[in-house]
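> Structure in structure tokens, see below.
The values are calculated or read from the model by the stated rules, or taken from the named source; none is laboratory data. All of these numbers come straight from a predicted model, not from anything done at the bench. Note that each Cβ is placed from the backbone with ideal geometry, even for glycine, and that neighbours are counted across all protein chains shown. Quick note on the areas: whole protein, heavy atoms, side chains included, nothing else; ligands and nucleic acids left out. Shrake-Rupley method; radii C 1.70, N 1.55, O 1.52, S 1.80 Å.
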Amino acid sequence: MTFEVKNGCYRYPGTERQVLQNICLQVESGKVLSILGSNGVGKTTLLRCMMGMLQWDSGESLLNGTPLRQIPERELWQKIAYVPQAKTSVFSYTAKEMVTLGRSAHLKMFELPGAEDEKLALACMESIGILDLKDKQCNEMSGGELQMVLIARAMTSNPAMLILDEPESNLDFKNQLTVLNCIQELSRRRGISAVINTHYPDHALQIADDALILNRDGTCVYGKSTEVISEENLNRAFSVRVCIRSVEVENEAFHCVIPISSRSAAAH
Amino acid sequence: MSRATLTIRSRILLLLLPFAVAVICLGIGRYSISVADTVRVLFSPLTGTAAEMDSTQLSVLFGVRLPRVILAMFIGAGLAVSGAAFQGLFTNPLATPDTLGVASGASFGAAMALMFSKNLLAVQISALIFGMCAIILTTLISRQKGKSTIIMVVLSGMVVSSLFQALVSLVKYVADPQDVLPSITYWLMGSLTGISYSSLMLGLPFILVGTLVIFFLRWRLNIMALSDDEARSLGVNVKRIRLMIMFAATFVTASCVSMCGQVGWVGLLVPHVARMLFGSNNKNVVPVSISFGAVFLVVIDTLARSATAAEIPISILTAVIGAPFFILLLRKTGGTQL
């Protein structure tokens with residue numbers, strides 16, 4: 001599977017600011033792309049344009065070379081799955097009920113999920129290690145648990161690509177690690193590609209093959225994550241002076257991004 | 001809180017419960033008939049023994065009580081299921097045909113039609129048109145940047161409801177006080193009296209069709225609790241489903257209102273009880289609401305016609321019983337299970 005964006009440009013109707021300018025990216029099977037950028041820069045807008053929820057002003061998204069708008073919705077959402085930020089709803093469903101909702105694209109309008117669909121939902125929960133949550137109410141879960149449930153829901157349609165909007169935001173240390181490890185496992189073991197919006201450059205360095213940093217002017221820097229996530233690029237995108245160091249623990253290299261000061265390096 | 005699961009046995013019970021309650025209630029009234037006699041008389045036309053039955057019992061059951069009990073079952077089921085549908089649709093535990101202004105809109109439509117004609121079909125269509133106007137108005141007022149919060153939906157519903165109630169008052173003000181006004185006023189309070197088989201045949205298909213649409217879309221109703229992007233990413237045509245459910249629920253409400261006036265509380269109370277017992281999954285909430293709604297209104301209507309010498313308007317009873325029950329429910333759950 002190959003997912004591409006070619007020269008994507010977007011501006012909100014009735015506004016002057018070009019949110020996204022000439023965005024080009026490519027995601028191959030089993031690869032993880034992370035999207036970084038400061039608050040309000042347009043990361044979620046980029047995801048929405050990529051998935052066809054918003055129409056590019058110019059440029060296009062392609063799945064295996066076919067423009068997204070030419071793929072019927074039901075077919076498209078069997079290949080791509082979207083994982084939103086974990087938020088509880090007024091009406092609470094059990095984890096199993098929530099995960100089974102992921103089978104929607106495979107069912108006809110008036111069809112109910114059958115035993116096979118429920119079995120598949122449980123199998124997806126088991127594959128990411130959350131089967132014990134199946135009867136727990138979603139609004140009684142921790143943020144991390146709910147995020148894992150949403151990932152399991154996305155997995156029920158057996159997608160080739162996952163698109164995750166800040167999956168580790170608002171989570172504590174351990175839950176962040178659980179979610180990131182899960183994404184990494186899915187890409188490495190099952191060849192699922194993933195696009196994740198994140199606020200954390202070190203998370204991107206940890207799990208992403210490629211990275212895209214969005215700047216305030218709508219331009220972006222795109223390439224291998226170890227090349228793109230540099231002190232200079234982060235400084236330009238976030239106006240924060242940072243220092244990137246590599247630490248070796250038990251023969252494994254970990255990257256740390258240390259913010260030094262909120263004034264950009266150019267100001268120094 | 002542990003929730004019961006909807007097993008095959010409980011599904012059969014849910015299906016049989018309204019009929020069992022209906023048979024018991026058919027025997028209750030000024031002229032009391034035992035359950036065994038009720039069953040015998042009810043099945044006599046099928047077994048060919050009608051001629052051997054007591055003619056008074058035959059006339060009380062078939063002529064007076066049966067059409068009324070059938071109507072109560074359909075109205076109860078219809079109002080409860082449209083309440084469940086609106087709550088799912090707006091992801092709002094307080095959304096009901098009453099709070100969204102649909103019932104008031106339909107009342108205005110029906111009252112206006114009643115002023116000019118007694119034709120039930122005209123009343124139905126007029127109620128449906130104004131019910132739809134009300135729900136569209138509430139939706140448009142409450143939506144800001146494509147989203148509507150719980151509080152905005154409730155406030156918009158209140159405004160739209162007040163507007164249509166004022167219009168109903170206007171209709172009453174200009175209606176003929178000798179002839180039309182008393183009938184509109186009594187109808188507005190909610191009454192199941194004087195229903196005939198012919199008017200049942202005209203109104204029930206509307207309720208049945210709307211209820212069936214909601215019943216078959218009940219699992220899709222769960223998806224409405226998610227954000228639009230999320231729902232769309234699950235391969236669901238959100239707009240089409242939303243419109244279908246909205247139309248079906250308004251259709252049911254308008255038909256109920258045109259047949260027996262504004263009966264409050266059913267759409268709020270019954271789905272909440274269903275949710276408390278079986279969880280929020282609409283796959284369960286919808287069928288349980290249909291069953292409990294039918295039972296609730298048959299019981300209330302039996303009380304309305306047999307508790308005192310004079311008949312009590314049904315909406316007074318639903319409020320008198322519904323309000324304390326809802327207060328109890330609120331206090332018990334602290335609002336968290338709503």
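> Give the residues of segment B:187-218 that are without any contact (Cβ under 8 Å) to a residue 40 or more places away in the chain and outside any helix (DSSP H, G or I), sorted by residue number. I'd like the intermediate steps shown before the answer.
Filtering segment B:187-218 for residues without any contact (Cβ under 8 Å) to a residue 40 or more places away in the chain gives B:194, B:198, B:201, B:205, B:212-213, B:216-217.
Listed by number, the residues that qualify are B:G194, B:L217.
> Checking the structure you have, find out if any residue of segment A:241-249 is outside any strand (DSSP E or B), over 14 Å from A:I35 (Cβ atoms) and open to solvent by 20 Å² or more (accessible area, probe 1.4 Å).
Let us first name the residues in segment A:241-249 that are outside any strand (DSSP E or B), namely none.
For segment A:241-249, residues outside any strand (DSSP E or B), over 14 Å from A:I35 (Cβ atoms) and open to solvent by 20 Å² or more (accessible area, probe 1.4 Å): absent.
> Give the number of residues within segment A:189-209 that are within 17 Å of A:A160 (Cβ to Cβ) and surrounded by fewer than 23 Cβ atoms within 10 Å (Cβ to Cβ).
Filtering segment A:189-209 down to residues within 17 Å of A:A160 (Cβ to Cβ) leaves A:189-196, A:209.
Filter once more, so that each one left must be surrounded by fewer than 23 Cβ atoms within 10 Å (Cβ to Cβ): A:189-191, A:209.
Residues in segment A:189-209 being within 17 Å of A:A160 (Cβ to Cβ) and surrounded by fewer than 23 Cβ atoms within 10 Å (Cβ to Cβ): 4 in total.
> Going by what's in this entry, would A:E250 be described as out of contact with any strand residue (DSSP E or B) (no Cβ under 6 Å at 6 or more places or on another chain) and free of Cβ contacts under 8 Å to residues at least 12 places away in the same chain? Please lay out each step first, then the result.
Working: out of contact with any strand residue (DSSP E or B) (no Cβ under 6 Å at 6 or more places or on another chain): yes; free of Cβ contacts under 8 Å to residues at least 12 places away in the same chain: yes.
In short, yes.
> Restricting attention to segment B:145-165, and to residues there that are surrounded by 13 or more Cβ atoms within 10 Å (Cβ to Cβ) and under 17 Å from B:S227 (Cα atoms), which single residue is nearest to the other protein chains (Cβ to nearest Cβ)? Spell out the reasoning first.
Here is the first cut: in segment B:145-165, the ones surrounded by 13 or more Cβ atoms within 10 Å (Cβ to Cβ) are B:148-150, B:152-161, B:163-165.
Keeping just the survivors that are under 17 Å from B:S227 (Cα atoms) gives B:148-150, B:152-153.
Working: B:S148: 13, B:T149: 11, B:I150: 7, B:M152: 14, B:V153: 11 Å.
Across segment B:145-165, the extreme among qualifying residues is B:I150.
> Output the residues belonging to segment B:45-65 that are exposed (fewer than 12 other Cβ atoms within 10 Å of the Cβ) and not in a helix (DSSP H, G or I).
B:G48
> Looking only at segment A:12-25, filter to residues that are more than 13 Å from chain B (Cβ to nearest Cβ) and within 24 Å of B:R232 (Cβ to Cβ); which one of those is modelled with the lowest pLDDT?
Within segment A:12-25, the subset more than 13 Å from chain B (Cβ to nearest Cβ) is A:15-25.
Still in the list and also within 24 Å of B:R232 (Cβ to Cβ): A:15, A:19-20, A:23, A:25.
On the way: A:T15: 88, A:V19: 92, A:L20: 94, A:I23: 95, A:L25: 96.
Looking at residues that are more than 13 Å from chain B (Cβ to nearest Cβ) and within 24 Å of B:R232 (Cβ to Cβ), I get A:T15.
> Within segment B:221-237, track down each residue that is within 25 Å of the chain's Cα centre (by Cα) and either more than 8 Å from chain A (Cβ to nearest Cβ) or open to solvent by 10 Å² or more (accessible area, probe 1.4 Å) (or both).
Step one: list which residues in segment B:221-237 are within 25 Å of the chain's Cα centre (by Cα), which gives B:221-225.
Correct list: B:L221, B:M224, B:A225.
> Moving on to the next point. Please name all residue pairs, on different chains or six or more residues apart, with Cβ atoms under 7 Å, provided the first residue is in segment A:1-13 and is more than 17 Å from A:Q78 (Cα to Cα) and the second residue is open to solvent by 20 Å² or more (accessible area, probe 1.4 Å) and assigned to a loop (DSSP other than H, G, I, E, B).
Note: pairs meeting the criteria are A:G8/A:W56; A:C9/A:W56; A:C9/A:D57; A:Y10/A:L54; A:Y10/A:W56; A:Y10/A:D57; A:R11/A:R17; A:R11/A:D57.
> Kindly evaluate A:I183 against the criterion of being open to solvent by less than 10 Å² (accessible area, probe 1.4 Å), in contact with a helix residue (DSSP H, G or I) (Cβ under 7 Å, 6 or more places away or on another chain) and at pLDDT below 95.
For A:I183, the condition - open to solvent by less than 10 Å² (accessible area, probe 1.4 Å), in contact with a helix residue (DSSP H, G or I) (Cβ under 7 Å, 6 or more places away or on another chain) and at pLDDT below 95 - is met.
> Going residue by residue through segment B:22-44, is there one that turns out to be more than 14 Å from chain A (Cβ to nearest Cβ), of a type outside the set (A, V, I, L, M, F, W, C), open to solvent by 20 Å² or more (accessible area, probe 1.4 Å) and not in a loop (DSSP other than H, G, I, E, B)?
yes
> Given the conditions (1) open to solvent by less than 50 Å² (accessible area, probe 1.4 Å); (2) in a helix (DSSP H, G or I); (3) out of contact with any helix residue (DSSP H, G or I) (no Cβ under 7 Å at 6 or more places or on another chain), report the number of the one that B:T91 does not fulfil.
(2)
> Still on this structure: Determine which member of the set A:L131, A:L122, A:L112 is open to solvent by 10 Å² or more (accessible area, probe 1.4 Å), more than 9 Å from chain B (Cβ to nearest Cβ) and in contact with a helix residue (DSSP H, G or I) (Cβ under 6 Å, 6 or more places away or on another chain). Lay out the reasoning, then the answer.
Working: A:L122 fails: in contact with a helix residue (DSSP H, G or I) (Cβ under 6 Å, 6 or more places away or on another chain); A:L112 fails: more than 9 Å from chain B (Cβ to nearest Cβ).
So the residue among A:L131, A:L122, A:L112 that is open to solvent by 10 Å² or more (accessible area, probe 1.4 Å), more than 9 Å from chain B (Cβ to nearest Cβ) and in contact with a helix residue (DSSP H, G or I) (Cβ under 6 Å, 6 or more places away or on another chain) is A:L131.
> Shifting gears a bit: Looking at B:M201, B:M158, which one is within 21 Å of B:P67 (Cα to Cα) and modelled with pLDDT of 85 or more?
Details: B:M158 fails: within 21 Å of B:P67 (Cα to Cα).
Only one candidate qualifies: B:M201.
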